[in-house]
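The values are calculated or read from the model by the stated rules, or taken from the named source; none is laboratory data. Everything quoted here is computed from the prediction, not taken from an experiment. Here Cβ is always computed from backbone atoms with ideal geometry, including for glycine, and neighbour counts include all displayed protein chains.
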Amino acid sequence: MSFEFNEKNEDKFQELLTRYPKKDSLMLPSLWMIQYQEGWISPEAMQYLAKKLDKSPMDIYSVASFYTMFHLEPIAKYNIQVCKTLSCMLRGSEDIKKHIENKLNIKTGQSTKDMKFTITEVECLGSCGTAPCVCINEDYIQNTTPQMIDEILDGLK
Amino acid sequence: MIKKIVSKNFDIKDSHKLKVARENDRYSSLKKLFSMSPEAVLDEVDKSGLRGKGGGGASAGAKWKLIPNPSDKPTYLIVNADESEPGTFKDRQILEYDPHLLIEGIICSSYAIKSNHAYIYIRGEYVFWAKRLQTAIDEAYEAGILGDNVLGYDYKLEVTLHRGAGAYICGEKSALVESLEGKRGHPRLKPKQKEPEWFFDCPSVVNNVETISSVPFIIKEGFEAYRAYGTEKNPGTMLFGMSGHIKNPGIYELEFGTNMLEFINKIGGGMRDGKKLKALVPGGSSCHVLKADELEGITLDYESLKAHGSSLGTGGMILMDETVFMPKVVKNLFEFYHHESCGQCTPCREGVSWSDKLMGKILDGNGTKKDLDTLLSLSFLLNGKSICVFAPSVAFIIDSYINKFKDEFYSLVK
Ligand SMILES: Cc1cc2nc3c(=O)[nH]c(=O)nc-3n(C[C@H](O)[C@H](O)[C@H](O)COP(=O)(O)O)c2cc1C
Ligand code: SF4
Ligand code: FES
């Protein structure tokens with residue numbers, strides 16, 4: 001399996017080169033582009049990026065593995081991220097988490113067999129005033145109730 | 001009590017769109033801005049007494065003055081939109097309802113430090129808000145508000161939005177710059193004397209979203225108009241937040257010096273379900289906890305909270321009612337810090353994970369009095385022996401919670 005940027009991402013990469021004092025800064029934007037293109041960041045993609053940024057693959061891995069939002073393995077289609085930090089805990093995030101676990105019949109940290117859903121626990125999402133907060137892929141659900149979870153998960157293809 | 005300077009347009013429909021924003025004062029400070037010299041702009045902000053709203057409360061003017069003038073290297077403004085301190089959700093209101101206010105603030109602030117390129121570092125999870133801000137930036141470029149000649153004036157400014165990828169520590173300013181340079185978000189050692197931040201060896205300023213968004217008012221109305229609000233040492237306003245068991249959670253812009261209990265009871269509506277307030281953390285998880293009976297007379301400003309043994313932090317208050325069991329709160333916070341330590345300093349990496357493990361053992365009913373003593377002694381290890389103030393925050397949690405709610409902790413151990 002090899003990797004290279006599609007045309008859109010290559011154009012974006014070239015444009016970004018003009019927007020930073022050094023190309024080192026393209027690290028995070030490039031990792032994002034890889035993840036959007038492939039769904040995760042494979043070793044091949046890291047090698048490809050290393051060449052583009054004049055770094056070693058280990059440099060790329062060292063950075064990519066530091067940031068929790070980068071997936072270094074393929075993940076399920078829907079990543080259900082339940083905020084567990086204080087404001088959400090005070091407003092019932094544990095019950096929401098249990099509800100999702102029971103509904104999908106998996107534990108937090110696991111994925112369904114069909115790789116449709118993963119449940120992850122995450123730290124404060126910056127939605128404490130509308131807690132509890134759950135984020136499915138990139139969409140925030142706020143003031144979350146079990147009913148909302150049922151409706152949303154049942155509606156996902 | 002409520003005084004809307006930064007949040008003035010929040011309730012206006014479609015205020016995030018350029019047309020509506022312009023009809024409601026946005027970019028109206030720029031004519032005056034460009035009639036002033038950069039030095040005069042910096043002086044105006046300095047005189048206003050504007051203090052940073054990202055948690056530290058540093059003087060914005062003093063920070064900007066650290067940039068050499070003239071500088072033989074390019075200078076940069078870096079806006080901190082990492083907003084990940086638990087209990088804090090204020091910057092996203094600006095990004096959602098008034099992104100053009102932030103862009104206007106960026107123009108004023110960049111001009112003052114003679115910078116031609118500003119970066120906004122936004123936390124990775126804020127996808128909706130990043131899109132909204134990028135749309136506003138694109139609109140501003142198209143309208144000639146950004147680019148080679150800002151609104152036709154002889155001033156060039158580029159603005160680039162940069163997304164983080166899930167790391168609380170990247171909110172710390174030097175870790176943020178490291179991350180912007182494409183590295184792991186490891187805080188840097190503090191220099192002996194005050195210095196600018198160095199972005200690829202170029203002198204730079206890092207300021208919070210709300211700080212920068214406060215600048216247009218100061219430029220347009222003058223420093224005295226800003227000082228008319230708040231207190232002598234804390235001029236102006238701040239976006240204060242309430243979350244947890246409060247009846248009306250949300251973000252409210254208040255003058256500094258507002259009475260805390262009045263804010264909680266009048267605007268917050270007191271605790272939900274008629275319960276009693278037990279304790280609160282004033283400004284994000286890293287501040288000393290305050291018991292309900294310690295709140296009398298506290299006003300919302302840096303000095304008052306400090307005098308009462310805590311700190312104002314980000315102004316994001318987390319309120320807990322009488323049903324809350326404090327050891328559980330401490331475990332929750334330890335898990336956060338355990339997860340988010342960048343791992344550079346041994347006292348932090350090991351001390352925080354050890355605290356978390358010990359607290360888990362105690363909560364499970366397997367702890368001894370000696371474990372609690374060990375936990376208290378870890379606070380010594382965590383305080384003042386690390387590169388950044390992350391580890392000391394954990395020491396504050398250990399000290400303040402265990403000392404203030406002794407019975408609850410000692411009831412758990414044999
Ligand atoms: C662990 C840690 C996390 C921080 N997180 C943030 C943050 O998310 N947003 C922010 O604006 N400042 C944060 N800060 C404060 C910044 O280091 C810095 O002081 C601030 O961005 C400066 O801007 P200001 O002076 O305008 O407040 C954090 C500091 C520490 C030690
Ligand atoms: S104190 Fe903790 S978070 Fe701060 S630099 Fe050291 S290890 Fe990293
Ligand atoms: S604690 Fe859950 S969003 Fe802040």
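Against the numbered list (1) surrounded by 24 or more Cβ atoms within 10 Å (Cβ to Cβ); (2) assigned to a strand (DSSP E or B), B:TYR252 comes up short only at (1).
Going by the structure shown, is B:LYS361 among the basic types (Lys, Arg), in a loop (DSSP other than H, G, I, E, B) and either out of contact with any Phe, Trp or Tyr (no Cβ under 9 Å at 6 or more places or on another chain) or within 16 Å of ligand 3 (Cβ to nearest atom) (or both)? So B:LYS361 fails the test.
The criterion of being under 30 Å from A:ASP59 (Cβ atoms) and in a loop (DSSP other than H, G, I, E, B) does not hold for B:LEU176.
Within segment B:159-204, the set of residues being within 15 Å of ligand 2 (Cβ to nearest atom), under 26 Å from A:THR18 (Cβ atoms) and facing chain A (nearest Cβ under 8 Å) comprises B:SER179, B:LYS183, B:ARG184, B:GLY185.
Among residues of segment B:169-191 that are within 16 Å of ligand 3 (Cβ to nearest atom), those with a Cβ under 9 angstrom from a residue that is of a type in the set (Asp, Glu), sequence gap 6+ or separate chain, pair up as B:GLY171/B:ASP82; B:GLY171/B:GLU83; B:GLY171/B:GLU85. Screening B:LYS156, B:LYS65, B:LYS73 for residues that are modelled with pLDDT of 95 or more and under 20 Å from B:SER214 (Cα atoms) leaves exactly one candidate, B:LYS65. Here's a check for you: in segment B:340-358, which residue that is part of a helix (DSSP H, G or I) and hydrophobic (A, V, I, L, M, F, W, C) is farthest from B:LYS406 (Cα to Cα)? Checked segment B:340-358; the qualifying residue farthest from B:LYS406 (Cα to Cα) is B:CYS348.
On inspection, A:SER87 fails the criterion of being within 11 Å of chain B (Cβ to nearest Cβ) and under 30 Å from B:VAL159 (Cβ atoms). Candidates are the residues of segment A:54-69 that are crowded, with 20+ Cβ neighbours inside 10 Å and more than 7 Å from every other protein chain (Cβ to nearest Cβ); the one that is nearest to B:TYR168 (Cα to Cα) is A:ALA64. Could you tell me which numbered condition A:GLY155 fails, if it satisfies all but one of (1) within 9 Å of ligand 3 (Cβ to nearest atom); (2) more than 14 Å from every other protein chain (Cβ to nearest Cβ)? Going through the list (1) within 9 Å of ligand 3 (Cβ to nearest atom); (2) more than 14 Å from every other protein chain (Cβ to nearest Cβ), A:GLY155 breaks only (1). For B:ASP91, all conditions in the list (1) at positive phi; (2) within 16 Å of ligand 3 (Cβ to nearest atom) hold save one; what is the number of the exception? Of the numbered conditions (1) at positive phi; (2) within 16 Å of ligand 3 (Cβ to nearest atom), the odd one out for B:ASP91 is (1). Looking only at residues of segment B:316-346 that are touching a strand residue (DSSP E or B) at 6+ places or on another chain (Cβ under 7 Å) and more than 8 Å from every other protein chain (Cβ to nearest Cβ), we find that the one that is farthest from ligand 3 (Cβ to nearest atom) is B:GLU322. Residues to consider are B:LYS47, B:LYS8; find the one that is assigned by TED's automatic domain parsing to the domain that holds B:TYR119 and away from ligand 2 (no atom under 16 Å from the Cβ). Unique residue meeting the criteria: B:LYS47. Just one of the listed residues (A:TYR36, A:TYR78, A:TYR61) is touching a strand residue (DSSP E or B) at 6+ places or on another chain (Cβ under 7 Å) and of a type outside the set (Asp, Glu), namely A:TYR78.
Scanning segment B:136-154 for residues being away from chain A (no Cβ under 14 Å) and not polar (S, T, N, Q) gives a total of 12. What do you reckon, is B:VAL209 surrounded by 24 or more Cβ atoms within 10 Å (Cβ to Cβ), within 14 Å of another protein chain (Cβ to nearest Cβ), within 12 Å of ligand 1 (Cβ to nearest atom) and closer than 16 Å to B:LEU77 by Cβ? When the stated conditions are applied, B:VAL209 passes them.
Is one or more of the residues making up segment A:47-61 outside any loop (DSSP other than H, G, I, E, B), assigned by TED's automatic domain parsing to the domain that holds A:THR145 and either under 13 Å from the mean Cα position of the chain (by Cα) or closer than 26 Å to B:GLY171 by Cα (or both)? No, that holds for no residue.
Of the helices (runs of 4 or more DSSP H) lying entirely inside segment B:8-103, not one contains at least 3 residues that are buried (at least 22 other Cβ atoms within 10 Å of the Cβ) and of a type in the set (Ser, Thr, Tyr). Here are B:LEU77, B:LEU101, B:LEU133, B:LEU50: which of them is more than 10 Å from chain A (Cβ to nearest Cβ) and over 21 Å from B:LYS173 (Cβ atoms)? When all the criteria are applied, what remains is B:LEU101.
Summed over segment B:372-411, the residues that are more than 16 Å from ligand 2 (Cβ to nearest atom) and surrounded by fewer than 19 Cβ atoms within 10 Å (Cβ to Cβ) give a count of 12. Considering (1) over 24 Å from B:THR88 (Cα atoms); (2) in contact with an Asp or Glu (Cβ under 7 Å, 6 or more places away or on another chain); (3) in contact (Cβ under 8 Å) with a residue 40 or more places away in the chain, the lone condition that A:ALA50 does not fulfil carries the number (3). Contact map, segment A:87-109: first residue hydroxyl-bearing (Ser, Thr, Tyr), second residue part of a helix (DSSP H, G or I) and within 16 Å of ligand 1 (Cβ to nearest atom), Cβ cut-off under 7 Å, separation 6 or more or different chains; pairs are A:SER87/A:CYS128. Are any of the residues in segment A:74-84 in contact (Cβ under 8 Å) with a residue 40 or more places away in the chain, of a type in the set (D, E, K, R), away from ligand 3 (no atom under 11 Å from the Cβ) and outside any loop (DSSP other than H, G, I, E, B)? No: segment A:74-84 contains no residue that is in contact (Cβ under 8 Å) with a residue 40 or more places away in the chain, of a type in the set (D, E, K, R), away from ligand 3 (no atom under 11 Å from the Cβ) and outside any loop (DSSP other than H, G, I, E, B). If you go through segment A:119-140 and keep only what is more than 11 Å from ligand 3 (Cβ to nearest atom) and either more than 14 Å from every other protein chain (Cβ to nearest Cβ) or without any contact (Cβ under 8 Å) to a residue 24 or more places away in the chain (or both), you end up with A:ILE119, A:GLU138, A:ASP139. Taking the conditions exactly as written (more than 13 Å from chain B (Cβ to nearest Cβ), touching a Lys or Arg at 6+ places or on another chain (Cβ under 6 Å) and surrounded by fewer than 18 Cβ atoms within 10 Å (Cβ to Cβ)), does A:LYS77 satisfy them or not? Answer is yes for this residue. Of all positions in segment B:131-149, none carries a residue that is in contact with a Ser or Thr (Cβ under 8 Å, 6 or more places away or on another chain) and either β-branched (Val, Ile, Thr) or without any contact (Cβ under 8 Å) to a residue 40 or more places away in the chain (or both).
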